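**Q** This is the structure I want to talk about, given as structure tokens.
The values are calculated or read from the model by the stated rules, or taken from the named source; none is laboratory data. Values in this document were obtained by computation on a predicted structure and should not be read as measured data. As a convention, Cβ positions derive from the backbone with ideal geometry for all residues, glycine included, and neighbour counts pool all protein chains shown.
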Amino acid sequence: MRIYPISIYQTQNLHQHKNKKINFKSDSFKRTTEPNLNTYIPLMSEKLKLNENLKFFMSGLLKIDTDTKRKGQPIEILDVGCCDGALCRTISEYLPKNTKYYGIDLSEEMLEKAREKDEGKINSTYIKGNAFDLPFKHNQKDAIIASSIMHEIYSYEFKEYDEKAYSKDSILHFLEQAYACLKPGGVLIIKDPATAGVDALEKIKIANANKEDGTYPPLSENELQSADITKLCTYDKLRRFCTDFYPAKGQIQWDENGDCIMPRWLVTEFVRHRKWLATPENWAYEIKENYGTLRPDEMAKLAKQAGFYPIKIENISIPNKNNIYAIKEGEFEIKDMKDNILSLEDFPMFLEVVLRKPRNL
């Protein structure tokens, strides 16, 4: 789910900050324009229809082990970065009617859409809120869902909180907040774009990127930076990605054939980023985000540090035909350094995480 930049507060002891409030008037939250909601929401809604995606969230909710569940009282679920509430409406079809749903997001426009779509359908409450200062008491929720927001938590820099972009501390802060908000036995369910595994730095080649497709041939370097990203040919989109995407600096090579050589993790980043081209604004927002934030072993380490018991932490791949990031025939090829063609299934697309707060506290 899409949310907007999240301010991050410094913490050495979570309990020292439980009453801390974030000033939402901070300049960090200001943007000159909203993303293209008409493009974004249908895409995410279509994604939620995938059976495997729904099965993952439902299987995670079955791991709730709270007193609420045992006594048959209403289960409370919090969706962090709820967008237009699509995920809560989807899972509500399979949960008890008295389940209570809460959603937080930093976009009031998103929240208004969620309220409109939920009216009379589910018991939901939507609040403008911050993922690092959850507006709920401790030990209150049975489950917290974080669907495709961790890469945004990870990617943004907030100088007023002395937080640098691409920091694992940002993920740890969110895990600590979620832990405090959950009841003993409650679960945190995370699904986010994955990074590569231990072979993340292996060199991979993007070849034959249709150098002559689109409305005009490849541009000069000066023309490339001022061009409308939505009108670039595939080859120029790749070139533009290599210059615009900050984490790629110094990690890109071009061979004599004009093919692009980059670490495996950057290949998956380009595969994803190239899809966000509905408007130049979409590209400007998405290019700031490093999608593959953590390997499973890194997530396991942070989860343990926050106090969670891991139930599932796993990278998954999706067949090209079912993947919203699917590569079209002839668009480009991904090869290893021996020119063997690799399938998109060789690259993990999502990290699935289910963590439980221990009951014996």
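**Q** Can you give me the number of residues within region 319-334 that are part of a loop (DSSP other than H, G, I, E, B) and either out of contact with any strand residue (DSSP E or B) (no Cβ under 7 Å at 6 or more places or on another chain) or over 23 Å from His273 (Cα atoms) (or both)?
**A** Here is the first cut: in region 319-334, the residues part of a loop (DSSP other than H, G, I, E, B) are 319, 323-332.
Then keep just the ones that are either out of contact with any strand residue (DSSP E or B) (no Cβ under 7 Å at 6 or more places or on another chain) or over 23 Å from His273 (Cα atoms) (or both); that gives 319, 323-331.
The qualifying residues number 10.
**Q** Need pairs with beta-carbon distance below 8 Å; first residue closer than 22 Å to Trp265 by Cα and in a helix (DSSP H, G or I) and within region 289-309, second at pLDDT 90 or above and of a type in the set (S, T, N, Q); sequence gap 6+ or separate chains.
**A** Pairs found: Pro296/Asn315.
**Q** So which residues in region 334-357 are modelled with pLDDT of 90 or more and either in the same structural domain as Ile189 (by TED's automatic domain parsing) or under 25 Å from the mean Cα position of the chain (by Cα) (or both), if there are any at all?
**A** Once the filter is applied, which keeps residues that are modelled with pLDDT of 90 or more and either in the same structural domain as Ile189 (by TED's automatic domain parsing) or under 25 Å from the mean Cα position of the chain (by Cα) (or both), region 334-357 yields Ile334, Leu342, Phe350, Leu351, Glu352, Val353, Val354, Leu355, Arg356, Lys357.
**Q** A follow-up question, please. For Lys141, which of the numbered conditions (1) surrounded by 23 or more Cβ atoms within 10 Å (Cβ to Cβ); (2) over 29 Å from Gln305 (Cβ atoms) fails to hold?
**A** All conditions pass for Lys141, except number (2).
**Q** Now a separate question. Could you grab the pairs with beta carbons closer than 8 Å, sequence gap of 6+ or different chains, first residue in region 270-284 and closer than 18 Å to Ser148 by Cα, second one of a type in the set (S, T, N, Q) and surrounded by 16 or more Cβ atoms within 10 Å (Cβ to Cβ)?
**A** Between residues of region 270-284 that are closer than 18 Å to Ser148 by Cα and residues that are of a type in the set (S, T, N, Q) and surrounded by 16 or more Cβ atoms within 10 Å (Cβ to Cβ), the close pairs are Arg274/Thr234; Trp276/Asn282.
**Q** Suppose we filter region 112-134 for residues that are modelled with pLDDT of 90 or more, under 22 Å from Leu188 (Cα atoms) and either surrounded by fewer than 22 Cβ atoms within 10 Å (Cβ to Cβ) or not aromatic (Phe, Trp, Tyr) (or both); how many remain?
**A** Total satisfying the criteria: 7.
**Q** Also, I was wondering about something else. Given the residues Tyr179, Tyr161, which is the only one that is among the hydroxyl-bearing types (Ser, Thr, Tyr), in the same structural domain as Gln73 (by TED's automatic domain parsing) and at pLDDT 95 or above?
**A** The match here is Tyr179.
**Q** What's the number of the condition Met337 fails, among (1) surrounded by 14 or more Cβ atoms within 10 Å (Cβ to Cβ); (2) of a type outside the set (Lys, Arg); (3) assigned to a loop (DSSP other than H, G, I, E, B)?
**A** Result: Met337 fails condition (1) only.
**Q** Cβ-Cβ distance below 7 Å, separation of 6 or more or different chains: which pairs start in region 62-77 with a residue that is modelled with pLDDT under 85 and end on one that is crowded, with 17+ Cβ neighbours inside 10 Å and part of a loop (DSSP other than H, G, I, E, B)?
**A** Thr68/Ile75; Lys69/Ile75
**Q** Take region 291-301 and flag every residue that is surrounded by fewer than 21 Cβ atoms within 10 Å (Cβ to Cβ) and not charged (D, E, K, R).
**A** If the condition is that a residue be surrounded by fewer than 21 Cβ atoms within 10 Å (Cβ to Cβ) and not charged (D, E, K, R), then Pro296, Ala300 are the ones that fit.
**Q** Select from region 320-333 the residues that are polar (S, T, N, Q) and surrounded by 14 or more Cβ atoms within 10 Å (Cβ to Cβ) and write down the one among them that is modelled with the highest pLDDT.
**A** Asn323
**Q** Kindly indicate the residue of region 230-280 that is among the aromatic types (Phe, Trp, Tyr) and under 24 Å from the mean Cα position of the chain (by Cα) and also modelled with the lowest pLDDT among those meeting that condition.
**A** Result: Trp276.
**Q** Still on this structure, please answer the following. Being surrounded by fewer than 14 Cβ atoms within 10 Å (Cβ to Cβ) and of a type in the set (Gly, Ala, Ser) is true for just one of Ser343, Ser317. Which residue is that? Before you say what the answer is, go through the steps one by one.
**A** Numbers: Ser317 fails: surrounded by fewer than 14 Cβ atoms within 10 Å (Cβ to Cβ).
Testing whether each residue is surrounded by fewer than 14 Cβ atoms within 10 Å (Cβ to Cβ) and of a type in the set (Gly, Ala, Ser) leaves just Ser343.
**Q** Sticking with this one: Pull out all pairs, ordered by first then second residue, where Cβ-Cβ is under 6 Å, the residues are six or more apart or on different chains, the first lies in region 87-109 and is touching a residue at least 24 places away in the same chain (Cβ under 8 Å) and in the same structural domain as Thr66 (by TED's automatic domain parsing), and the second is part of a loop (DSSP other than H, G, I, E, B) and aromatic (Phe, Trp, Tyr).
**A** Here the result reads Leu106/Tyr4; Ser107/Tyr4, each pair linking region 87-109 to a residue that is part of a loop (DSSP other than H, G, I, E, B) and aromatic (Phe, Trp, Tyr).
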